[in-house]
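What follows is calculated from the coordinates using simple rules that are stated; it is not laboratory data. None of these values were measured; they are calculated from a predicted model. Note that each Cβ is placed from the backbone with ideal geometry, even for glycine, and that neighbours are counted across all protein chains shown.
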Amino acid sequence: MKKILLLSSLVFIFSCSDENVINGIDENSSNTTNVSAKTVSDFDELFYQHINSSVYLELDSKINLYTAKMRFTENSENINTEEKMISWILANLDTTNFSSTEEAISEWKEIENISKIVFETNADFYKEVTHNKGRFSELLLHENMKYYTTNSTCKDNLNACNSSAVDQYSGAMEGAFEAYLDGHISGESASKAMDNARIIYSINLDLCRMEYDSCILG
């Protein structure tokens with residue numbers, strides 16, 4: 001089985017259950033946090049406003065297209081910063097689906113520009129993530145699993161794989177924004193760190209889906 005790409009180094013850089021859960025989320029999830037019903041409701045609303053906003057949907061689409069072109073399956077240590085990721089692409093251009101180094105760099109700049117807008121317009125949401133990381137993970141996992149309705153060993157494995165990817169991603173996002181709030185890094189640096197977290201998260205989810213498809217096909 002392919003292993004989830006680890007975000008531990010990225011988290012390290014930026015780190016110096018009640019019954020109030022939405023329908024379809026396991027109330028016994030290990031990600032559940034002890035927060036009031038009002039807090040859960042407020043955070044849920046912020047979460048869905050965030051992921052359904054036009055600018056976030058555009059960013060998410062470009063991230064997924066970029067990772068599809070990368071075709072990356074190695075250790076995330078090789079791409080856990082912007083410099084490492086671009087260097088890896090340039091060194092492995094022939095194995096990617098980028099037509100040229102200029103295309104790879106240009107498309108990454110597009111992602112960074114949109115990400116800056118997402119960062120600036122969703123600062124309140126990311127601040128709440130630092131107080132509700134467990135709930136953030138819970139909602140992400142729900143969104144990843146909501147279309148898999150048939151119970152099976154393959155689905156259980158997919159849930160575990162996605163859960164690991166979600167936990168790594170939420171930790172990296174929380175760490176980056178906390179470092180920004182504490183004044184350890186600039187907003188631009190935090191935004192770049194979040195971009196790298198999104199790239200690795202997208203790759204991890206793809207690996208999880210690939211394992212699920214292989215399991216279903218037997």
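Between ASP182 and ASN64, residue separation times 0.36 nm minus the direct Cα-Cα distance comes to 39.4 nm. Let me check I've understood the local charge: for GLY187, count other residues with C-beta under 11 angstrom from its C-beta, Lys and Arg +1, Asp and Glu -1. What total comes out? Once positives and negatives cancel, what remains is 0.
Shape of region 69-218 from its Cα gyration tensor (a ≥ b ≥ c, root eigenvalues): rounded if a/c is under 1.5, otherwise prolate when a/b > b/c, or oblate? In terms of gyration-tensor shape, oblate.
Among the listed pairs LYS69/LYS127; LYS69/LYS155; LYS109/LYS146, those with a Cα-Cα distance over 29 Å are LYS69/LYS127; LYS109/LYS146.
Loop only by DSSP, 12 or fewer other Cβ within 10 Å of the Cβ. Give me the trypsin sites (Lys or Arg not before Pro) in region 114-198 that pass, ordered by residue number.
For trypsin sites (Lys or Arg not before Pro) across region 114-198 that sit outside H, G, I, E and B with at most 12 neighbouring Cβ atoms in 10 Å, the list reads LYS146.
Under the combined filter of DSSP loop state and at most 16 neighbouring Cβ atoms within 10 Å, region 102-172 retains these chymotrypsin sites (Phe, Trp or Tyr not before Pro): TYR147, TYR148.
Can you give the FRET efficiency to the nearest 0.05 for ASP94 and ARG209, using r as the Cβ-Cβ distance and R₀ = 25 Å? Rounded to the nearest 0.05, the efficiency is 0.50. Here region 73-195 is treated with +1 on each Lys and Arg Cβ and -1 on each Asp and Glu Cβ, and its dipole about the Cα centre works out to around 440 debye. Between LYS127 and ASP42, the simple spin-label model (points 7 angstrom out along Cα→Cβ) gives 1.1 nm.
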